[in-house]
Amino acid sequence: MLLVLLVIPAHVRRRAKLRAAGERLAGAMQRIGELSREAGLSRPPRLLLRPAGQRDAFVFGLPWRYYLVLPTAMVVRWRNRGLFDPVVRHELAHLRRHDVQLATAVWIAAVPVLLAPIVGAAATWDLSLIPMYLWRVALVMGGLWLVRRQVLRSREYGADLRAARQSGYWRPLSTVLQHATNQRGGRWRQFLSHHPTVAQRLGVLADPGRVRGASFADGLASAFLAAIFLPLLHNTLQVLTTGTPLFSWTSQIAAIVVGPFIGLAIVLGPLLGPLFHLILVPLAVACAALVWRRRVLPVPRWLIDDERTAWPAAAREPGLGFALLTGVASGALAAIGVTVYRLVAGKPVSDEDSIGRYLLWLLTAVAVALVVSFVTLVLVPRSGAAVGLVTGVSAAAAGGLFINVLNTFAFGNILDLRFWLSTMEAMVALWLFGYLLLLPLTLATWPLPWRDVPGRLLTTLSVIGAGLATLCVVGPALTLREV
Amino acid sequence: MEDERAFIAALTELALERAAPDELVVFEETAEEYFADPQAALTAANQDSAVGFGLELAMITPVALAVGAAVMQALVTALSDRAVTGVSGVLRRVLRKRTPDPADIVLSPDQARYVRQVALDRARSLGMPEQQATLLADSFVGAIATAS
């Protein structure tokens with residue numbers, strides 16, 4: 001196996017007709033050396049050129065000697081930093097992240113293990129079980145093959161993001177990717193490919209949160225391999241623990257070993273999004289239900305030793321309708337403020353300007369939602385925390401929605417529902433963080449008795465507060481812009 | 001055959017000084033590769049490598065060599081009173097600027113237009129973008145004129 005590994009680089013060189021870069025390309029090699037040092041590599045990879053018609057770049061080799069293969073058309077244009085640097089940074093990122101070893105490690109680990117029984121059977125001349133074993137091996141190899149491809153696809157995103165981080169900005173790599181060859185062949189080819197599509201890579205570069213840890217194929221292949229592994233492990237454990245107290249626990253021990261693999265594969269990737277929904281959405285729904293249905297339940301007399309027979313009634317106002325109206329109206333005000341800024345400032349003129357606008361969106365909507373929550377906490381004693389959660393989350397979500405709607409339909413930006421959702425999520429998450437800091441205020445009003453607060457009053461005061469918050473954010477932003 | 005290849009290479013190298021000077025540093029290797037298998041050199045592969053990065057970026061040299069071959073044939077036609085070897089020899093000498101004989105290779109305006117059109121058609125037929133094809137055709141005619 002080791003011998004095969006040592007031979008692979010020479011085989012790749014011969015098969016791909018690669019040739020070493022000559023002295024006349026010393027400038028390109030020097031630049032690769034500089035970029036390698038920036039990437040944290042102890043020594044730069046050796047530059048190889050592909051035949052003139054080839055357009056692909058890749059890295060291969062062994063830990064003590066890596067090769068960087070670039071299209072000749074790109075190497076001769078090495079002075080074009082906008083083209084050369086992002087591609088080289090991307091390939092160096094693969095080396096830094098040990099993707100080359102990863103690409104071969106699967107087979108290094110799997111092939112000897114799978115071949116061992118065959119070698120053993122051949123040594124004892126007992127080949128009767130080989131046919132049955134071989135088709136199982138084929139299934140396992142198929143599963144491994146799929147997992148390996150998926151892992152390599154996901155490593156492309158990592159290399160892109162690392163390259164973008166090193167150059168300080170994602171735009172140069174994005175520009176090069178837009179000129180990359182697009183994959184053809186539909187979903188089946190994408191499923192089998194080593195690479196994500198150009199569109200997917202561009203999407204992740206623009207919004208790294210889109211990187212998904214586990215796709216359907218990942219889950220399928222991982223679960224298949226784990227399911228195959230489980231009975232094997234169980235049987236092995238039974239043999240090992242026969243006659244010991246552990247024998248009756250072999251199923252559980254096997255499950256403890258295999259379970260985390262499946263769990264990690266499924267959970268670790270798309271962690272943040274589901275956590276967000278798992279925690280925040282039920283919290284908001286529960287609080288909305290509490291606000292809607294709040295009342296004092298009769299306490300059984302046997303539960304307490306007290307002379308009192310009458311209990312104060314709970315406050316019923318403001319109801320859920322007014323709480324939601326307060327949030328939506330305040331969110332609309334935030335959107336109007338952002339729209340006024342857009343009308344006065346005009347189109348963004350640069351990427352930095354666009355990022356600044358996006359931060360202004362977030363700041364305005366979050367400030368408005370926090371002010372609304374604050375007004376609710378102060379105005380509504382005891383149940384202010386629950387009502388404030390409903391008004392705040394609806395203000396942040398409505399603000400995000402209205403801002404996106406106006407930006408898309410009034411100003412002609414691209415309709416991207418994922419962007420809408422990620423913006424709203426960011427606003428709600430930031431508001432939630434601020435709201436946790438505000439929550440202790442509810443203790444200040446806790447000694448006060450339950451008291452109905454008219455919904456109209458809450459809405460009016462909250463909207464006034466939201467308007468002032470919008471002015472406080474958008475006004476200075478406009479003033480600073482003019483300065 | 002060797003004479004023809006040497007002539008095509010010399011003429012193309014001159015044309016590339018205008019059309020794609022960056023590519024001259026690998027011209028010899030690229031020309032060798034082209035003459036070994038012209039079709040393979042002209043066909044851009046679209047393979048999905050192990051850890052790869054596909055770029056929509058092509059070398060002009062292989063296409064320019066193919067155009068150079070067409071230009072040589074056009075010159076033979078334009079100067080049809082000479083044998084191929086004779087034309088090649090004269091032009092190669094001129095291109096090397098050893099024993100220039102402008103009278104032998106100076107093209108009339110019609111001949112120059114004809115050569116340019118052949119170069120342009122060949123570049124287009126190989127899928128070269130219009131702007132690049134025009135620049136390359138002009139470069140070939142310019143190379144001949146400059147050499148003479």
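Just a few scattered comments:
- Just one of the listed residues (A:Arg148, A:Arg165) is assigned by TED's automatic domain parsing to the domain that holds A:Tyr67 and touching a residue at least 40 places away in the same chain (Cβ under 8 Å), namely A:Arg148.
- Checking the range B:33-41 against the condition returns a match, with at least one residue being within 10 Å of chain A (Cβ to nearest Cβ), in contact with a helix residue (DSSP H, G or I) (Cβ under 9 Å, 6 or more places away or on another chain) and at pLDDT below 85.
- One residue stands out among those in the range A:47-72 that are out of contact with any helix residue (DSSP H, G or I) (no Cβ under 8 Å at 6 or more places or on another chain) and at pLDDT 85 or above: the one that is farthest from A:His11 (Cα to Cα), which is A:Pro71.
- Residue match in the range A:476-483 (condition: closer than 22 Å to A:Arg342 by Cβ and of a type in the set (Lys, Arg)): yes
- Of the residues making up the range A:83-105, those that are open to solvent by 20 Å² or more (accessible area, probe 1.4 Å) and either outside the structural domain of A:Leu18 (by TED's automatic domain parsing) or farther than 14 Å from A:Leu35 by Cβ (or both) number 6.
- Test for A:Arg46: is it more than 13 Å from every other protein chain (Cβ to nearest Cβ), within 20 Å of B:Val25 (Cβ to Cβ) and in contact with a strand residue (DSSP E or B) (Cβ under 8 Å, 6 or more places away or on another chain): yes
- Whichever residue in the range A:167-184 is within 22 Å of the chain's Cα centre (by Cα) and within 15 Å of A:Glu156 (Cα to Cα) and, among such residues, is modelled with the lowest pLDDT: A:Trp170
- Subset of the range A:53-81 that is among the charged types (D, E, K, R) and under 20 Å from A:Leu41 (Cβ atoms) - its residue that is nearest to the other protein chains (Cβ to nearest Cβ): A:Arg81
- The range A:440-478, residues that are modelled with pLDDT of 85 or more and either more than 30 Å from A:Gly346 (Cβ to Cβ) or of a type in the set (Ser, Thr, Tyr) (or both): A:Pro454, A:Gly455, A:Arg456, A:Leu457, A:Leu458, A:Thr459, A:Thr460, A:Leu461, A:Ser462, A:Thr470
- Checking each residue in the range A:441-459 for being among the charged types (D, E, K, R) and not in a loop (DSSP other than H, G, I, E, B) picks out only A:Arg456.
So that you can scan it fast, the table gives a plain yes or no per residue for (1) touching a Pro at 6+ places or on another chain (Cβ under 9 Å); (2) under 15 Å from A:Ala334 (Cα atoms); (3) in a helix (DSSP H, G or I); (4) assigned by TED's automatic domain parsing to the domain that holds A:Gly346:
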{"residue": "A:Leu363", "(1), (2), (3), (4)": "no, yes, yes, yes"}
{"residue": "A:Leu370", "(1), (2), (3), (4)": "no, yes, yes, yes"}
{"residue": "A:Leu377", "(1), (2), (3), (4)": "no, no, yes, yes"}
{"residue": "A:Leu389", "(1), (2), (3), (4)": "no, no, yes, yes"}
{"residue": "A:Phe402", "(1), (2), (3), (4)": "no, yes, yes, yes"}
{"residue": "A:Gly412", "(1), (2), (3), (4)": "no, no, no, yes"}
{"residue": "A:Trp420", "(1), (2), (3), (4)": "no, no, yes, yes"}
{"residue": "A:Gly467", "(1), (2), (3), (4)": "no, yes, yes, yes"}
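- Matching entry among B:Asp3, B:Asp48 (being within 14 Å of chain A (Cβ to nearest Cβ) and at pLDDT below 80): B:Asp48
- Considering each residue of the range A:339-360 in turn, none proves to be assigned by TED's automatic domain parsing to the domain that holds A:Leu430 and open to solvent by less than 10 Å² (accessible area, probe 1.4 Å).
- If you filter the range A:82-105 down to residues that are away from every other protein chain (no Cβ under 12 Å) and touching a residue at least 12 places away in the same chain (Cβ under 8 Å), you find that the one that is nearest to A:Arg162 (Cα to Cα) is A:Arg96.
The values are calculated or read from the model by the stated rules, or taken from the named source; none is laboratory data. Small disclaimer: the values here were computed from a predicted structure and weren't measured. No Cβ is skipped: glycine too gets one built from the backbone with ideal geometry, and neighbour counts run over all protein chains shown. To get the accessible areas, we keep the full protein, side chains included, count just its heavy atoms, and leave off ligands, DNA and RNA. Shrake-Rupley method; radii C 1.70, N 1.55, O 1.52, S 1.80 Å.
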